[in-house]
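Engineer: Here you go, one structure.
The values are calculated or read from the model by the stated rules, or taken from the named source; none is laboratory data. Keep in mind the model is a prediction, meaning the values are calculated, not measured. Note that each Cβ is placed from the backbone with ideal geometry, even for glycine, and that neighbours are counted across all protein chains shown. Just the protein is used for accessible areas: all its heavy atoms, side chains included, with ligands, DNA and RNA removed. Shrake-Rupley method; radii C 1.70, N 1.55, O 1.52, S 1.80 Å.
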Amino acid sequence: MALVSALCVGSLLAPVGPAGAVGNGVDPTVVVVREPVGGQPVSDWKLAGRASASGVQVAPQWVLTTRHAPGQVGGTFTNAYGTAKIDSVTSCAGTSCDLSLSHLAVALPAPAYPNLLDNGLPRGDSQLAGSVLAVGMGGGKLTAAWTTPSGGPTLSTMVNTPVAISGDSGGPVFYHRPGDTTGHLFGLMTYGSAGVLGGVPQFSADAKAFVTGVAGSAVRWTTFDQLGPRPTVPTAITDFTATATQTTVRMTWNPVPTATAYTAALINPSDPADRKLLRTNGTTATFTVVAGVRWAAFVLPENANGQAFVPAGMDSDGTTITYRYPRYVAAGPPPSPVRDVVVSSTQNGFRVNWVRGPGAVEDVNDTEIRLCPSSDIQCVTTVFRVSTQAAGLDFTVPGITYADRFTMALTDRNPSGSARQVAVPVTYLPQLPPAAIRSVSAKLTDTKITFSYDQRGDDPGSLVPLGLYRHHATPDVYRVTFVDLQGRKRTLPTVEPATQQTFDVVLATARLTPGRYDFTFTPYSWNWGEGKPTTLSVPVGTPGDYTVAAELPPTPVITSAFPLTWTQPAPTAGQAAVDSYILVESVSGQAYELPADARTFDVVSTHLQQSQQWSVIAANISRGQSLPTTAPYIDVPGD
């Protein structure tokens with residue numbers, strides 16, 4: 001095992017030549033290997049040795065290796081008890097059984113051999129106490145290292161995390177109960193993995209059947225439950241209370257009933273060797289730190305079975321291990337109020353984004369979002385509450401319905417205090433999927449088709465609470481397909497209308513021979529789903545311009561700005577009927593919905609500002625809106 005030249009999980013640990021550096025492993029022939037809780041020497045590492053890669057002696061004349069790196073007939077196996085020739089090799093045929101057994105011509109006189117754990121350890125139990133000793137020949141030299149039953153880190157292994165490397169295949173992995181010098185074999189290193197255990201398949205039913213069928217009673221089996229009552233360690237504490245000043249961080253936590261001591265820890269997320277530790281019998285710890293520097297923070301209780309494991313996940317890019325922590329702290333001043341709050345509706349609630357003030361520290365600042373009745377402009381009476389360390393959040397509001405109004409308050413916090421809250425009015429306005437594209441055009445030549453489209457959808461001013469009409473979302477992309485002359489549906493690259501005003505289809509590249517092709521444009525919104533498709537038929541081989549329009553209401557015609565009146569052209573065969581009219585006043589942003597038979601509107605009754613400009617839109621509830629027709633500015637007499 002070594003920290004360098006680590007392989008990602010999924011890479012078999014084939015043998016390699018000697019390598020120099022050893023990470024968290026030690027040479028057990030030089031350094032005494034001691035069980036971590038009791039401190040007594042252990043000797044099960046002596047059973048490990050070299051076959052072709054690594055292997056382990058499990059009986060006087062039997063060596064267990066992986067199938068992908070087995071021993072060789074005529075070759076030898078060497079461990080601390082000697083060297084013996086291999087006279088036969090049998091490999092498991094099962095797909096879930098990467099094991100092989102080598103038979104030794106003469107027995108190697110080990111004083112004892114390990115029990116094999118049928119079905120292995122409950123590795124998903126994060127409180128399972130004990131230690132795991134992994135031993136292998138990776139890098140050409142016998143190396144041993146301790147890890148946890150889950151493979152996760154401890155304070156002692158974070159800096160040089162044990163890593164299975166090439167040549168460790170077949171290396172044994174022994175489980176030791178707390179204080180127990182006897183190890184129990186529960187698997188072999190098989191794949192490269194940070195923390196080792198991610199690359200150790202446990203002995204399956206197929207594995208047991210194979211070993212028993214070949215070696216018989218020479219190999220002993222047991223189960224985890226037969227080892228005795230399950231030992232546990234406490235869970236790491238991450239729900240502590242953190243407070244801070246400009247230069248200090250204080251952690252306070254609730255006592256754990258079985259704990260005999262606690263170690264509070266601050267770890268530099270970029271360098272686990274840069275750490276601050278405080279062991280105490282109490283429930284508080286204070287650290288002096290530099291303002292604005294982020295620290296991973298946790299508390300590790302301990303009991304008679306050992307210390308809680310570090311609450312961190314591990315990622316590896318093949319050479320470097322990084323840790324993911326659940327909690328961070330920092331010293332410094334209280335936060336500033338958030339700014340630039342942007343709120344939009346989602347399928348079941350709101351999406352809100354904001355910018356934090358200067359000095360905010362990633363993963364440390366926490367923003368509380370509260371919803372209150374719209375009349376509660378100070379947001380005192382909370383009806384919904386959620387918090388996040390991100391500077392944006394999508395959240396569901398139970399029971400929310402169209403046009404519900406709220407006051408939304410955002411309060412940024414850090415361990416030093418809270419910022420002044422920022423309150424904004426919000427209205428829940430879910431949208432329909434996009435309407436059909438208003439028109440699609442194709443310019444056909446002998447070599448290509450150039451498509452263009454009118455992407456004007458519902459008027460932005462109509463995204464307000466209305467009576468019957470619901471606003472259609474703006475599409476994020478167009479999905480374009482066509483049916484070829486053999487009747488097969490084919491897909492073209494997705495079009496982003498915000499950046500692609502036109503796009504070309506080269507006839508030769510798309511293998512379009514003369515004939516009629518139906519191209520279908522389907523608008524799609526990431527938030528609101530798939531809209532109505534539009535199909536344009538293009539006769540390849542007949543150059544020209546071709547267009548299809550969506551079935552939308554005709555645009556009204558304004559006949560007077562003040563009083564505001566209009567007429568409505570009758571829909572043609574390719575147009576939709578009018579279900580209602582939407583009137584938008586551009587200066588104030590106000591909008592009103594009128595019935596389909598309306599032809600006039602009393603602008604004075606709105607009691608808006610004196611200078612006004614009105615647009616009239618004909619709307620069909622299911623298909624969308626006409627283009628707006630806009631009247632000149634008018635001056636409306638005051639009340």
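Engineer: Which of the residues that make up the range 359-385 are open to solvent by less than 50 Å² (accessible area, probe 1.4 Å) and hydrophobic (A, V, I, L, M, F, W, C)?
Structural biologist: Scanning the range 359-385 gives Ala360, Val361, Val364, Ile369, Leu371, Cys372, Cys379, Phe384.
Engineer: Within the range 166-223, take every residue that is part of a helix (DSSP H, G or I), in contact with a Gly (Cβ under 7 Å, 6 or more places away or on another chain) and of a type in the set (Gly, Ala, Ser) and give me the one that is nearest to Arg50 (Cα to Cα).
Structural biologist: Gly199
Engineer: Scanning the range 326-358 for residues that are out of contact with any Ser or Thr (no Cβ under 7 Å at 6 or more places or on another chain) and part of a loop (DSSP other than H, G, I, E, B), which turns out surrounded by the fewest Cβ atoms within 10 Å (Cβ to Cβ)?
Structural biologist: Looking at residues that are out of contact with any Ser or Thr (no Cβ under 7 Å at 6 or more places or on another chain) and part of a loop (DSSP other than H, G, I, E, B), I get Gln347.
Engineer: How many of the residues making up the range 259-277 are among the β-branched types (Val, Ile, Thr), surrounded by 13 or more Cβ atoms within 10 Å (Cβ to Cβ) and not in a strand (DSSP E or B)?
Structural biologist: Step one: filter the range 259-277 for residues among the β-branched types (Val, Ile, Thr), giving 260, 263, 267.
Within this subset, residues satisfying the condition of being surrounded by 13 or more Cβ atoms within 10 Å (Cβ to Cβ) are 263, 267.
Of the ones still in play, those that are also not in a strand (DSSP E or B) are none.
Counting residues in the range 259-277 that are among the β-branched types (Val, Ile, Thr), surrounded by 13 or more Cβ atoms within 10 Å (Cβ to Cβ) and not in a strand (DSSP E or B) gives 0.
Engineer: Taking the stated definitions as given, is Ser156 out of contact with any helix residue (DSSP H, G or I) (no Cβ under 8 Å at 6 or more places or on another chain) and either within 23 Å of Val32 (Cβ to Cβ) or open to solvent by 20 Å² or more (accessible area, probe 1.4 Å) (or both)?
Structural biologist: Values: out of contact with any helix residue (DSSP H, G or I) (no Cβ under 8 Å at 6 or more places or on another chain): yes; either within 23 Å of Val32 (Cβ to Cβ) or open to solvent by 20 Å² or more (accessible area, probe 1.4 Å) (or both): yes.
Taking the combined requirement at face value, the residue satisfies it.
Engineer: Same structure again: Residue by residue through the range 90-109, note down the ones that are farther than 9 Å from Arg67 by Cα, at pLDDT 95 or above and assigned to a loop (DSSP other than H, G, I, E, B).
Structural biologist: If the condition is that a residue be farther than 9 Å from Arg67 by Cα, at pLDDT 95 or above and assigned to a loop (DSSP other than H, G, I, E, B), then Ala105, Val106, Ala107, Leu108 are the ones that fit.
Engineer: Taking Thr322 and the conditions (1) surrounded by fewer than 16 Cβ atoms within 10 Å (Cβ to Cβ); (2) in contact with a Ser or Thr (Cβ under 8 Å, 6 or more places away or on another chain); (3) modelled with pLDDT of 95 or more; (4) outside any loop (DSSP other than H, G, I, E, B), which numbered condition does it fall short on, given that it satisfies the others?
Structural biologist: Among (1) surrounded by fewer than 16 Cβ atoms within 10 Å (Cβ to Cβ); (2) in contact with a Ser or Thr (Cβ under 8 Å, 6 or more places away or on another chain); (3) modelled with pLDDT of 95 or more; (4) outside any loop (DSSP other than H, G, I, E, B), the lone unmet condition for Thr322 is (3).
Engineer: Sticking with this structure for a sec: Of the conditions (1) part of a strand (DSSP E or B); (2) of a type outside the set (S, T, N, Q); (3) surrounded by fewer than 20 Cβ atoms within 10 Å (Cβ to Cβ), Tyr113 fails just one. Which one is it?
Structural biologist: Among (1) part of a strand (DSSP E or B); (2) of a type outside the set (S, T, N, Q); (3) surrounded by fewer than 20 Cβ atoms within 10 Å (Cβ to Cβ), Tyr113 violates only (1).
Engineer: Now for a different question. Among the residues of the range 84-104, are any surrounded by fewer than 16 Cβ atoms within 10 Å (Cβ to Cβ), among the hydroxyl-bearing types (Ser, Thr, Tyr) and over 19 Å from Phe203 (Cβ atoms)?
Structural biologist: So far as the range 84-104 goes, yes, one or more of its residues are surrounded by fewer than 16 Cβ atoms within 10 Å (Cβ to Cβ), among the hydroxyl-bearing types (Ser, Thr, Tyr) and over 19 Å from Phe203 (Cβ atoms).
Engineer: Another question, then. Working only within the range 547-569, note down all residues that are surrounded by fewer than 16 Cβ atoms within 10 Å (Cβ to Cβ) and either aromatic (Phe, Trp, Tyr) or modelled with pLDDT under 95 (or both).
Structural biologist: Scanning the range 547-569 gives a single hit, Pro563.
Engineer: Tally time: how many residues in the range 172-201 are under 33 Å from the mean Cα position of the chain (by Cα), surrounded by 22 or more Cβ atoms within 10 Å (Cβ to Cβ) and of a type in the set (Gly, Ala, Ser)?
Structural biologist: The qualifying residues number 6.
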